[in-house]
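Have a look at the structure below before the remarks.
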Amino acid sequence: MHTHIETLKKDMIHHISAAKSAESLKEVEVKYFGKNGLFNGIMRQLKDLSDDEKRTIGKLANETKQVLEARVSERYLELEDALMANLAESEWMDVTVPGAQPIQGHRHVLTQFMDEVEAVFARMGFSVADGPEVEEEHYNFDQLNIPANHPARDMQDTFWVANLPRHVLRTQTSSVQIRHMETHQPPVRIITMGKTFRKDSDATHSPMFHQLEGLMVDTDISMAHLKAVITEVLQQIFEDDSIKTRFRISYFPFVEPGMEADCTCPICHGSGKLNNGVPCRLCKQTGWLEILGAGMVHPQVLKNAGYDPEQVTGFAFGMGLDRMAMIKHRINHLRLLFENDLRFIEQF
Ligand code: PHE
């Protein structure tokens with residue numbers, strides 16, 4: 001019996017040390033200390049012994065069990081330590097390695113340009129108004145003095161909205177003039193910028209383009225104000241004090257008189273030639289660029305909006321923002337603005 005216990009002890013100690021994980025150690029525990037384990041086997045044999053032997057063997061068995069239990073606990077701790085050491089080895093990281101920089105985007109060149117333009121007007125006291133891109137025929141045409149069947153509707157190849165009678169994709173931001181005057185009393189000093197749409201698509205036209213509209217209405221507003229504002233704004237946008245403007249008579253149904261304005265070419269500064277004598281291609285050597293439509297707000301348009309044309313006058317103008325951004329940043333193809341090619345976009 002005595003040697004039996006000693007052997008058992010030796011075997012178990014060997015198995016405990018051999019256990020490489022908490023799970024296999026648990027198996028060793030069950031094998032020896034479990035209900036049907038080897039230790040209980042010994043205990044069951046005690047009943048066949050003499051009282052004396054029962055006492056000595058029983059004592060030895062209990063002491064041995066205590067020693068072995070202590071060894072099992074110790075082994076659990078060893079395994080735990082080993083596990084941690086292993087983790088530390090396999091999962092360490094170098095916190096001094098520079099982080100991976102996420103690629104940071106930025107606003108599109110056109111958006112940046114529009115923000116700049118807005119800031120120029122804001123400094124001159126203009127605020128920003130807004131209107132819908134899907135617009136009522138009423139605001140896009142009728143109230144602007146362009147009734148149905150008026151030939152001027154043909155000036156702007158219109159996208160009519162299917163399933164929504166009398167609605168268009170606005171062909172011009174001039175619709176916002178009416179919307180704003182309907183809801184505000186003079187004095188008015190606003191700009192609006194946004195998308196406009198026409199059935200147009202070639203090298204210099206895209207079916208969607210951006211317009212800037214300006215409107216100023218008050219007592220005694222004259223063409224002198226129009227010319228002053230336009231000249232100042234163009235000088236600031238193109239960052240060139242030498243820019244001059246000239247106005248040519250033209251026709252838009254919602255202004256009278258109506259005109260188109262040119263400014264001296266910001267590339268060749270009005271000379272028609274670049275510094276090295278090469279002919280300027282942007283202005284085709286004329287020194288001038290056609291830049292906007294403008295005029296004094298037609299009395300009928302003021303009336304349509306509920307204003308009294310005997311009391312107030314105003315000017316309005318509209319220009320294409322895409323082309324201006326292209327001139328400012330020397331971009332030679334309109335499509336580049338809308339293709340979202342990162343090689344292009346990242347340059348600004
Ligand atoms: N809305 C006109 C266009 O799109 C431009 C314009 C605006 C002309 C305001 C005069 C006054 O062509």
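Per residue, the Cα convex hull of segment 2-90 amounts to 72 Å³.
Amide H contacts of Val255 (H built 1.01 Å from N, in plane; Pro and chain starts excluded): His298 sit under 5 Å, all sequence-distant by 5 or more or on other chains.
Farthest toward the positive end of the dipole of the chain, out of His2, Cys280, Leu79, is the Cα of His2, where the dipole comes from beta carbon charges about the Cα centre.
Rounded to the nearest 20 Debye, what is the dipole magnitude of segment 123-260 about its Cα centre when Lys and Arg each give +1 and Asp and Glu each give -1 at the C-beta? All intermediate terms of the calculation are to be shown ahead of the outcome.
On the way: 13 positive and 20 negative charges, 15 e Å.
Value, rounded to 20: 80 debye.
In this structure, the amide hydrogen of His210, modeled 1.01 Å from its nitrogen in the peptide plane, lies closer than 5 angstrom to those of Thr196, Leu321, Asp322, counting only residues at least 5 positions away or on a different chain. Give the angle, between 0 and 90 degrees and rounded to the nearest 10, that separates the Cα long axis of helix 2-18 from the longest principal axis of the Cα atoms of the chain. Its long axis makes an angle of about 20 degrees.
In segment 112-255, the ratio of gyration radius to Kirkwood radius, Rg to Rh, stands at 0.97 when only Cα atoms are counted.
By the Cβ distance rule (another cysteine Cβ under 4.7 Å), the unpaired cysteines of the chain are Cys263.
Placing +1 on the Cβ of every Lys and Arg and -1 on the Cβ of every Asp and Glu, with nothing else charged, gives segment 2-90 a dipole about its Cα centre of roughly 380 debye.
If you place +1 on the Cβ of every Lys and Arg, -1 on the Cβ of every Asp and Glu, and leave all else neutral, what size is the dipole of segment 284-348 about its Cα centre, to the nearest 20 Debye? Before the final figure, lay out each step's value.
Working: 7 positive and 7 negative charges, 57 e Å.
For this selection, approximately 280 debye.
In this entry, the chain is assigned a mean projected area of 35.4 nm², taken as a quarter of its C-alpha convex hull surface. Here is the list for segment 53-157: trypsin sites (Lys or Arg not before Pro) lying in DSSP coil, each with at most 16 other C-beta atoms within 10 angstrom of its C-beta, are Arg107. Projecting the Cα atoms of Val120, Val301, Gly105 onto the charge dipole of the chain, computed from C-beta unit charges around the Cα centre, puts Gly105 farthest toward the positive end. Loop-only check: which GluC sites (Glu not before Pro) in segment 239-348 are DSSP coil with at most 13 other Cβ within 10 angstrom? Loop-located and lightly packed - Glu239, Glu310, Glu346. Each listed q (0.14, 0.19 Å⁻¹) maps to a log10 I(q)/I(0) for segment 254-348, found by the Debye formula over equal Cα scatterers with no solvent: -0.70, -0.91.
What FRET efficiency comes out for the pair Glu182/His106, r = Cβ-Cβ distance, R0 = 35 Å, nearest 0.05?
Details: r = 37 Å, r/R0 = 1.06.
Efficiency at R0 = 35 Å is approximately 0.40.
Here is the tail figure for segment 223-300: Cα pairs spaced more than 17 Å apart come to 49 percent of all pairs. Checking every one of the chymotrypsin sites (Phe, Trp or Tyr not before Pro) in segment 41-131 against DSSP loop status and a limit of 12 other Cβ atoms within 10 Å picks out Trp92.
Taking 7 Å steps out from each Cα toward its Cβ at Glu91 and Ser201 produces label points 5.6 nm apart.
Rounded to the nearest 500, what is the 222 nm mean residue ellipticity of the chain from helices alone, with -39500 (n - 2.57) per DSSP H run of 4+ residues and division by all residues? Walk me through the numbers before you get to the answer.
Values: 12 runs with 142 residues, N = 348.
After summing the helix terms and dividing by residue count, I get -12500 deg cm²/dmol.
Of the residues Lys303, Lys328, ranked by 1.4 Å probe accessible area with the largest first, the sequence reads Lys303, Lys328.
The values are calculated or read from the model by the stated rules, or taken from the named source; none is laboratory data. From a predicted model like this one, the values you see are computed outputs, not experimental measurements. Quick reminder, even Gly has a Cβ in these numbers, built from the backbone with ideal geometry, and neighbours come from all protein chains shown. Keep in mind that these areas ignore ligands, DNA and RNA; they rest on the heavy atoms of the full protein, side chains included. Shrake-Rupley method; radii C 1.70, N 1.55, O 1.52, S 1.80 Å.
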